[in-house]
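Only the coordinates and a few stated rules stand behind these numbers; no lab work does. It should be emphasised that the depicted structure is a prediction, and the values quoted were computed from it without experimental measurement. So basically every Cβ, Gly included, is an ideal-geometry build from the backbone, and we count neighbours across all protein chains shown.
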Amino acid sequence: MPTSLSPVTQLWPLFGLSVRTPRLTLRYVDDDLGAALMQLAAADGVHDPGEMPFTLPWTRSPSPLLEREGLQRYWRGRAQTSPHAWSLSFAVLEDDVLVGEQNLRATDFGTRRTVGSASWVARSRQGRGIGREMRAAALHLAFDGLEAQVATSGAFEDNPASLAVSRSLGYVDNGWDLTERDGRPVRDLRMVLDRATWESARRDDIRIEGLEPCLALLLPA
């Protein structure tokens with residue numbers, strides 16, 4: 001492993017993982033980025049206070065509890081990372097300014113070759129196509145970098161923005177689950193994208209950096 005890397009990155013190479021598009025950079029979340037992301041979420045907001053697009057209503061925690069709980073989630077995700085199950089959180093930057101977070105996760109990826117995703121964009125940055133661009137970057141990492149065969153996603157039926165991002169990237173409807181939100185039932189729509197569909201529209205302007213030394217953490221030997 002290159003000696004130019006910091007000692008912590010040599011031991012935890014995911015800290016050196018990034019994905020770049022002409023517009024955005026996705027960087028694996030370290031402690032500083034994690035704190036900055038949670039401060040952004042607390043200060044700028046992620047959605048209308050009267051809405052709840054997330055299964056886990058983390059955005060309702062008051063500051064500074066929101067920030068502390070967010071850091072705990074990042075730490076927990078790192079501690080539980082293994083080839084059996086992993087959850088990769090990326091800070092999303094536009095012109096070196098934080099705009100949101102993109103997550104990519106999998107269970108038994110070595111066998112199933114299937115990834116899921118989740119994301120959020122700060123309210124002041126919404127409506128500008130950032131959500132679609134950062135999902136495209138995550139899909140490139142999954143399909144091109146990790147040789148995934150399937151990507152899944154989901155959103156509540158009253159979250160048209162997330163559903164529109166998925167459909168614009170080739171996902172198709174794949175049923176729904178009835179789940180509980182705020183004491184009421186709501187449909188959680190499932191969506192799926194296969195490798196052939198992704199290949200038909202794959203981009204050649206997305207670059208992955210620092211992946212090779214991370215593979216031992218994500219794939220079985």
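Once the dipole of the chain is set up with Lys and Arg at +1 and Asp and Glu at -1 on Cβ about the Cα centre, which of Ser162, His47, Pro22 lies farthest towards its positive end? So the residue we want is Ser162. Over all pairs of different C-alpha atoms in the stretch 171-221, the reciprocal of the mean inverse distance, the Kirkwood hydrodynamic radius, equals 15.0 Å. Summing charges over neighbours of Glu94, with a neighbour being any other residue whose Cβ is under 15 Å away from its Cβ, gives +3 when K and R count +1 and D and E count -1.
Around Met134, with a cut-off of 10 angstrom between Cβ atoms, what is the net charge of the other residues, counting Lys and Arg +1 and Asp and Glu -1?
On the way: positive: Arg23, Arg132, Arg135; negative: Glu94, Glu101, Glu133.
Net local charge, Met134 excluded: 0.
Calculated mean residue ellipticity at 222 nm for the chain: -8500 deg cm²/dmol, from DSSP H runs with n ≥ 4 weighted as -39500 (n - 2.57), summed, divided by the residue count and rounded to 500.
Hey, got the dipole for the stretch 7-218? About the Cα centre, +1 on K and R Cβ, -1 on D and E Cβ, debye to the nearest 20? Walk me through the numbers on the way to the answer.
Values: 25 positive and 29 negative charges, 43 e Å.
In debye, rounded to 20, the stretch 7-218 gives about 200.
Converting phi to 3J(HN,Hα) with the Karplus coefficients 6.51, -1.76 and 1.60 and the offset θ = phi - 60°, the stretch 26-34 yields 9, 10, 4, 6, 9, 5, 5, 5, x Hz in sequence order, with x at every glycine or proline.
Across the chain, the convex hull enclosing all Cα atoms gives 129 Å³ per residue.
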